[in-house]
Amino acid sequence: MAKQRATRRTRNGKARTIAAQALGTIEPATRAVVPPVHVATTFLRDPDNQYRAGFAYGRPDNATARQAEGVIAALEDAKDALLFGSGMSAATAAVMALPEGSHIVASQVMYWAFRHWLITEAPRFGHRVEAVDTSDLAAVRRAVKRGRTKLVWIETPANPLWTITDIAALAEIAHRAGARLAVDSTVATPVFTQPLALGADLVMHSASKYLNGHSDVIAGALATARPDAGWERIKTLRTQHGLILGPFEAWLLMRGMRTLEARVRAASESAVLLATWLRDHPRVATVLYPGLQDHPGHAIATRQMTGYGAMLSIRVRGGTRAAIATAARVRLWKRATSLGGVESLIEHRASVEGKDSPCPPDLLRLSVGLEDAEDLFADLDWALRGAPRR
Ligand SMILES: Cc1ncc(COP(=O)(O)O)c(C=O)c1O
């Protein structure tokens with residue numbers, strides 16, 4: 001795949017301008033172009049008993065979080081956005097806000113901890129969760145129950161196989177059944193996919209990943225197509241449970257988002273190169289990357305994404321032992337969990353995800369950062385060639 005093509009496809013000028021300017025926020029008292037951190041937890045009431053500035057207490061709301069939420073809403077072309085203390089906190093709030101006893105259809109392949117929560121904890125709220133292969137539209141149609149299914153939850157591209165789900169088709173299926181479609185767009189980022197424009201109702205991000213981008217904040221975000229009663233219920237839950245992101249983290253997130261488009265584009269260009277080089281590597285059995293033409297989701301990814309992202313996985317010849325040994329030998333890649341930071345990470349996912357995971361035991365997940373692609377390849381090549389063959 002030509003590097004030039006990747007460069008052309010991954011430009012998203014709108015996201016670049018919104019993020020770089022952080023919506024042009026200027027602090028009114030000093031005219032500072034960098035907003036302050038609003039740490040106050042309580043605010044003065046007006047003499048006539050009103051709170052005209054719009055802030056009363058730090059648990060429901062925070063001015064720094066509000067600024068970052070404004071940027072996320074603009075990036076997603078959403079009517080509103082809310083920040084949470086983590087991606088898990090955002091995702092679980094969306095499910096807890098559903099009416100008791102809701103039927104939920106969710107992707108089989110998705111971030112393992114949320115899948116685990118849906119299966120083990122969501123039933124405590126009376127919900128019934130059905131996991132399906134959401135890349136198979138017929139399977140989704142069979143799973144969705146008209147009038148009973150309240151939420152279809154997908155992740156695309158989905159951890160750790162980078163399975164692609166057709167957002168527009170799923171929105172149509174969900175809506176016809178009277179359900180909402182929520183999309184975990186953490187890996188796609190607003191730079192490459194705009195789920196709301198494709199018909200989704202809710203977008204979720206682990207902002208700990210690309211939105212912040214520097215592996216130094218845990219945060220989550222939800223963005224909505226419409227501020228309806230369901231959205232108000234999520235807001236109420238955030239207030240009641242104290243799920244809001246703290247002001248310092250919100251400020252760091254705001255700082256990280258300013259470079260979002262440039263980081264994501266550069267990392268994605270390197271991922272395209274690495275996927276292409278690794279496909280021909282004698283110690284690699286398979287490369288899983290939606291940018292490769294032989295990936296099952298390639299055609300849909302090309303339609304609904306403006307770039308293929310910076311996450312890929314490789315299946316190592318020689319099985320589990322060879323995969324773990326490869327990860328043990330790298331010197332430049334960091335052997336660590338998470339994704340979407342400036343530094344490239346490598347991880348043996350089956351060790352993390354446990355026995356119910358669809359993750360094959362020979363799979364290494366690669367989060368491509370901002371280092372030079374040739375340096376990253378050389379390090380991985382050295383690690384792969386030196387690892388025991390079985
Ligand atoms: C795709 C995806 N969604 C959600 C999460 C959960 O986010 P957090 O760790 O911020 O709670 C993660 C974390 O790895 C993730 O990769």
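Couple of notes before you dig in:
- For the range 19-113, the alpha carbon positions stretch 51, 37, 22 Å along the principal axes, listed from largest to smallest.
- Packing-based exposure ordering (other Cβ within 10 Å, fewest first) of TYR111, TYR210: TYR111, TYR210
- For the range 192-328, alpha-carbon Rg over 2.2 N^0.38 Å: 1.31
- At least 24 Å along the helix axis (C-alpha) and Kyte average at least -0.5, DSSP helices within the chain: 260-279
- Size of the range 186-243 from its Cα atoms: along the principal axes, largest to smallest, the extents are 33, 30, 10 Å.
- Coil-residue trypsin sites (Lys or Arg not before Pro) of the range 8-104, DSSP, other Cβ within 10 Å capped at 10: ARG31, ARG52
- Normalised convex hull volume, the range 119-206, alpha-carbon set, Å³ per residue: 96 Å³
- Percent RCO, i.e. relative contact order, over the chain, from Cα pairs under 8 Å lying at least 6 residues apart: 18 percent
- Structure-based [θ]222 nm, the chain - -39500 (n - 2.57) summed over DSSP H runs of at least 4, per residue, nearest 500: -11500 deg cm²/dmol
- For the range 264-390, the normalised intensity computed at q = 0.09, 0.11, 0.16, 0.20 Å⁻¹ comes to -0.22, -0.34, -0.73, -1.15 (log10 of I(q)/I(0), Debye sum over alpha carbons, equal scatterers, no solvent).
- Bridges between two residues of the chain, per DSSP, are antiparallel at a rate of about 55%.
- Translational D in µm²/s for the range 237-279 (Stokes-Einstein at 37 °C, 0.692 mPa s, Kirkwood Rh from C-alpha pairs): 250 µm²/s
- For the range 261-327, average projected area of the Cα convex hull in nm²: 4.9 nm²
- With all projection directions averaged, the alpha carbon convex hull of the chain covers 19.5 nm².
- Charge context of VAL187, other residues only, Cβ under 12 angstrom, K/R +1, D/E -1: 0
- Share of alpha-carbon pairs per 10 Å distance bin for the range 284-323, given as whole %: 30, 42, 22, 6
- Pairs exceeding 32 Å between alpha-carbon atoms, taken from LYS209/LYS235; LYS79/LYS334; LYS79/LYS209; LYS14/LYS145: LYS79/LYS334; LYS14/LYS145.
- Fraction of alpha-carbon pairs over 17 Å apart in the range 119-162 - percent: 41 percent
Every number here is computed from the coordinates shown, using simple stated rules; none is lab data. These numbers come from a predicted model, not from an experiment. Please note: Cβ atoms are built from the backbone with ideal geometry, for glycine as well, and neighbour counts cover all protein chains shown.
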